[in-house]
Amino acid sequence: MISSTTNERVKLARSLIHDAKARRKEGKVALEGVRLIADALAAGVVPEFVLYDPDQVNAGVLRTDPRIVWEASAEVMRAITITEHPQGIVGVFPTPALNVPMRPRRAVILDNVRDPGNAGTILRTAAAAGVQVVIFAPGSVDAYNDKVLRGAMGAHFRIALRDWDWEHITTYCKDTVMYLADMTGDMTYDAADWTDAWSLIVGGEAEGASADAISAAAKRLYIPMAQGTESLNAGIATAVMLFEAARQGRG
C-alpha cells in the first residue's frame, strides 16, 4: 500500500488534477471515480496507473491489468483530490487525442465559456447529439479541468477536442454555416437549416460572445421563451439547439 504523500505516483496524480500546465507538459490527465475511469477503459484507453483506497472501492470491478493498480491510504487519496468527498480512486491516463474530421459537418465552438460545469455539460450533450468536434477558443476553461472532466461523464474519450485560436477555427470551419447562440439573435434556432454542415458558437454567460465570434458568425440564433423569464444557461441552451440539429439530421 502507498501511504506516503511524497510518492512519485501520488505527486503526479495530484499535479494533473490541480495544474493545467502539468497536464500539458506530461500529456496526461487524472480521472477520479469508478464511473469516469470505467468510461475511459471502455473506450480502449490504457491507464498508466490507478490508485485506490480499498476501504472505499473494489478496484476489481475495473477489469484492468492488476499490475498497474495500487492500493493507497485514505490520507493519500485525500491529498490527491480536490473534491469535498473523495471517491477513493484516481486513474492517470494519456490525454485523449481523437482525430478531427478533415471536413467537419457538426462542430461546437466554446467562446469565453469559463464555467467548468457548463463546459462539462456541453461536452456531454455534444457527444450525445453526435457532434464530431468541440473546439475551445481563447478565453475558455481548460478542457481537462477536473470539474469539466466530471461534468462531461466520459465525453472526452468519445469526441474530438481541440484548443485553437480564431484564425485556426475559421479556417477549419470555412465550409460550415457558422451559427452563434445569441439571445438577441435574428433567427429562432428551429428555423435554421441544420441539415447542411454547421458549426455552433456558444458564448460564455458572464461576457457573452467575443468580437472574433461575432465576426465569424453567419447567423445569430435565439431560443424563444415566455415573457419575463430569465435566459437559459449556456449548457441548457446548447442542449436545446444541438438536439434540434440532431432531429433535423434524422429527418
Nearest 10, in degrees from 0 to 90: the angle of helix 8-18 to the longest Cα principal axis of the chain is 20
Report the semi-axes of the equivalent ellipsoid for the range 8-94 in whole Å, largest first, where each axis is √(5λ) for an eigenvalue λ of the Cα gyration tensor. 18, 16, 11
Rounded to the nearest 20 debye, what is the charge dipole size of the chain about its Cα centre when +1 sits on each Lys and Arg Cβ and -1 on each Asp and Glu Cβ? 660
Long-range amide H partners of Ser140, meaning residues 5 or more apart or on another chain whose placed amide H is closer than 5 Å, are Asn112, Val113
Out of all DSSP beta bridges in the range 8-94, what portion is antiparallel? Express it as a percent rounded to 5. 75
At q = 0.12 Å⁻¹, what is the log10 ratio I(q)/I(0) for the range 106-250, with the Debye formula run over Cα points and no solvent? -0.41
Okay, helix-only estimate at 222 nm for the chain: each DSSP H run of n ≥ 4 adds -39500 (n - 2.57), divide by all residues, round to 500 deg cm²/dmol; what do you get? -9500 deg cm²/dmol
Net +/- balance of residues flanking Asp196 in space, Cβ distance below 13 Å, scoring K and R +1, D and E -1: +2
Of the residues Thr5, Ala43, Val29, the Cα lying farthest along the dipole of the range 1-57 towards its positive end, which is defined by charges on the beta carbon of Lys, Arg, Asp and Glu, belongs to Val29
From the phi angles alone, apply the Karplus equation (6.51, -1.76, 1.60; θ = phi - 60°) to the range 49-62 and give each ³J(HN,Hα) in whole Hz, x where the residue is Gly or Pro. 6, 10, 10, 8, 8, x, 6, 10, 10, 9, 5, x, 5, 7
Distance between the range 145-214 and the range 1-65 - C-alpha centres, whole angstrom: 30
³J(HN,Hα), Karplus 6.51/-1.76/1.60, whole Hz, each residue of the range 106-118, x for Gly, Pro: 9, 10, 10, 10, 8, 10, 6, 7, 9, 7, x, x, 5
Theoretical gain in end-to-end length, Lys219 to Asp175 [0.36 nm per residue, Cα-Cα removed]: 14.4 nm
Simple label model, 7 Å out from Cα along Cβ direction - Arg247 to Asp190, nm: 0.5
From the Cα trace of the range 17-158, what convex hull volume per residue do you get, rounded to a whole Å³? 113
Cross-link reach from Lys147 to lysines, straight Cα distance under 17 Å and at least 8 residues apart if same chain, gives Lys21, Lys28
Lysines with Cα under 26 Å of Lys219, excluding same-chain neighbours fewer than 8 positions away: Lys174
With angles folded into 0 to 90 degrees, how steeply does helix 234-250 sit against the dominant principal axis of the chain? Use alpha carbons for both and round to 10. 70
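Every number here is computed from the coordinates shown, using simple stated rules; none is lab data. Because the structure is a prediction, the values reported are computed rather than measured. Positions of Cβ are backbone-derived with ideal geometry, glycine not excepted, and every protein chain shown enters the neighbour counts.
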